[in-house]
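Here the structure comes first, spelled out in structure tokens, and everything after it is commentary.
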Amino acid sequence: MAERSTAAVDVADNSGDEPLTAQADQSTADGVATNRERDTDIDEAQGSGGTEGPGKASPPELHSGHKLARRYRLEECVTRLDGFSSWRAVDEKLRRAVGVHILPADHSRARSVLAAARSSALLGDPRFVQVLDAVEENDLVYVVHEWLPDATELTALLASGPLEPHDAYQMASQIASAMAAAHREGLAHLRLNPNAVLRTSTGQWRIRGLAVNAALRGITSETPQRTDTEAIGALLYAGLTQRWPYENDAYGLSGLPKDIGLIPPDQVRAGVHRGLSELSMRALANDGATASRHESACTTPEELVKAIGEMPRIRPPEPAFTAPPEYQRTTYQQGTYGRTAPHPGATQPLPPPPPPLQSRTGKALKWAVSALLIAALGLGSWQLADALMDQSNKSDDTNQTQTTDDNDKNGDKTKPVKTLSIAGAQEYVASGDAQAPEDVKLTYDGDSSTYWRTKRYNEGPTLAPYKPGVGIVYDLGSSQEISTASIGLRYPGDHTTVKVYATDSLSPSTGIDGMKEIGTATTSGNSLTVKASKSVKTQYVLLWITAVPNAPSDGYSSAGYKQAVTDVTFKG
């Protein structure tokens, strides 16, 4: 009979698992592992293969499409290591992505994994990625947890540089507070590293794998609070310097130079916040660092929370703001150029009158100018009256407008552009497996935070020879003339190439060669517009992706060549 946990299964959002691990954690002879020993375990994506530890139970033979409990459909294996495997899956009952750890029921760690998962689920702290289910059935033990598609691992964040001081402060504060709460309930992580820390799109930091990740790898510690505190110090050190605070390279970060010891972050990189540098050393003092300013070392998350609270708060950077240029009014009225601007309430002196023209010549000139002015006024009045009469005659023609004048000259009326409605869509598979057919509708749901995504490929940007391309066929409801296709993309970088074709149905009867191409475009950004090279009328449109960028790990899948489509709009 299946043994199930009391964990709730209605928690919203989901989280990815750690990328495929290249090497298992090795514990010390007495079963106690420290952070320095765990740093030899470099969590980098390697593909779905992986080596198993000697003498361990073989992982169950599972494959994409396999269902657990007639509910969890396995999609992609992200870790296969030491007798267990971790998968991205779909909870078909609640229609959401989840993560699943699987190991044989007779595995030496199966009991401890179940116990850790159930304890973690009972904590119910939203700062941790939630365990949704812990099950033993059909000779398997599996743990189901959230999958957060909008979250980014610290590993990926540090790939582009160190964190801003405010971000590093928030990370240390939120993680320390969460771990202090966990330890008060008797739970430890023991495997806090840049792959286990995620930042959501709202700026909140989440921790995944509480108790479970260590249980899966057989990691224990006689001083769990000290171990987790040191790990938080290492995370803060990495966030400030983009370096791992040990000699070994790990998590995509370079280690410190050998034989110099653990030096403070502000000696590694210029401009590091002094208070945060000292805080990281106080947490890392457990590992032989010297606490700055003779402050006592922090040996528990609770002590670290207190130390953070005693620091001056680090405020977020002011948003960059460029004031719009003021509207400058240029005055060309006679006599104002070069004159001092009047002040409100001040009486301005009148300019002196020009000297009168003297002599007989001056008088003659005066009369001549006067006569010319009178003549000009008379001529202008006549022309004005004639113009008014002509305008009155034209106003009788109620059909005569500027628009019709322009149209008569152009010989044609400008056709209005309209957004075409999408009645339905279906993924088009030219060869091999589908990408994410259940998410096709997310590309036209009006929500730019949802998306349909491709799988991750090891080489690119061109998808061939893995696939000739991947894409979606859209049904416009009726035959429409298409002028442009606007596509929102999740990942920038390298380049994305999209072709648009007219086809005959949601399930085309011909291959790409038998379809009529509407247009093609390439971008390295987050949006793309494909313009029709010639007028085409069709009910079914294929959006066909032939090249994808190299994108970082994002909590959904590890780094590699991939793309996701957030929004699609057709105009005609």
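The values are calculated or read from the model by the stated rules, or taken from the named source; none is laboratory data. Keep in mind that what you see is a predicted model, and the values were worked out from it rather than measured. Because the Cβ atoms are built from the backbone with ideal geometry, glycine has one as well, and the counts that use them run over all protein chains shown. Surface accessibility is based on the protein's heavy atoms, side chains included, excluding ligands, DNA and RNA. Shrake-Rupley method; radii C 1.70, N 1.55, O 1.52, S 1.80 Å.
Only residues that are within 25 Å of the chain's Cα centre (by Cα), in contact (Cβ under 8 Å) with a residue 40 or more places away in the chain and open to solvent by 30 Å² or more (accessible area, probe 1.4 Å) were counted across segment 427-441, and they come to 1. Selection of first residues in segment 221-236 that are crowded, with 24+ Cβ neighbours inside 10 Å and of second residues that are of a type in the set (D, E, K, R) and outside any loop (DSSP other than H, G, I, E, B), restricted to Cβ pairs under 8 Å at least 6 apart or on distinct chains, gives the following pairs, ordered by first then second residue: T229/E303; E230/D287; G233/R282.
Inspection of segment 197-211 identifies at least one residue that is of a type in the set (D, E, K, R), at pLDDT 95 or above and part of a loop (DSSP other than H, G, I, E, B).
A quick yes/no check of all residues on (1) modelled with pLDDT under 90; (2) open to solvent by less than 70 Å² (accessible area, probe 1.4 Å); (3) in a helix (DSSP H, G or I); (4) within 28 Å of H183 (Cβ to Cβ):
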| position | (1), (2), (3), (4) |
| --- | --- |
| D259 | yes, no, no, no |
| D266 | no, yes, yes, no |
| G271 | no, no, no, no |
| R282 | no, yes, yes, yes |
| E303 | no, no, yes, yes |
| R315 | yes, no, no, no |
| P319 | yes, no, no, no |
| T322 | yes, no, no, no |
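Considering segment 284-294, the residues that are open to solvent by 70 Å² or more (accessible area, probe 1.4 Å) and assigned to a helix (DSSP H, G or I) include one that is modelled with the highest pLDDT, namely H294.
Scanning segment 64-91 for residues that are free of Cβ contacts under 8 Å to residues at least 24 places away in the same chain and not in a strand (DSSP E or B) yields G65, H66, R70, R71.
Note on segment 438-472: among residues that are touching a Ser or Thr at 6+ places or on another chain (Cβ under 6 Å) and assigned to a strand (DSSP E or B), the one that is farthest from Y540 (Cα to Cα) is W452.
Looking at segment 492-505, can you tell me whether even one residue there is farther than 30 Å from A89 by Cβ, of a type outside the set (D, E, K, R) and loosely packed, with under 15 Cβ neighbours inside 10 Å?
Step one: of segment 492-505, the residues farther than 30 Å from A89 by Cβ are 495, 497, 499-505.
Subset that is of a type outside the set (D, E, K, R): 495, 497, 500-503, 505.
Next, from what is left, pick out any that are loosely packed, with under 15 Cβ neighbours inside 10 Å: 505.
Yes, segment 492-505 has at least one match.
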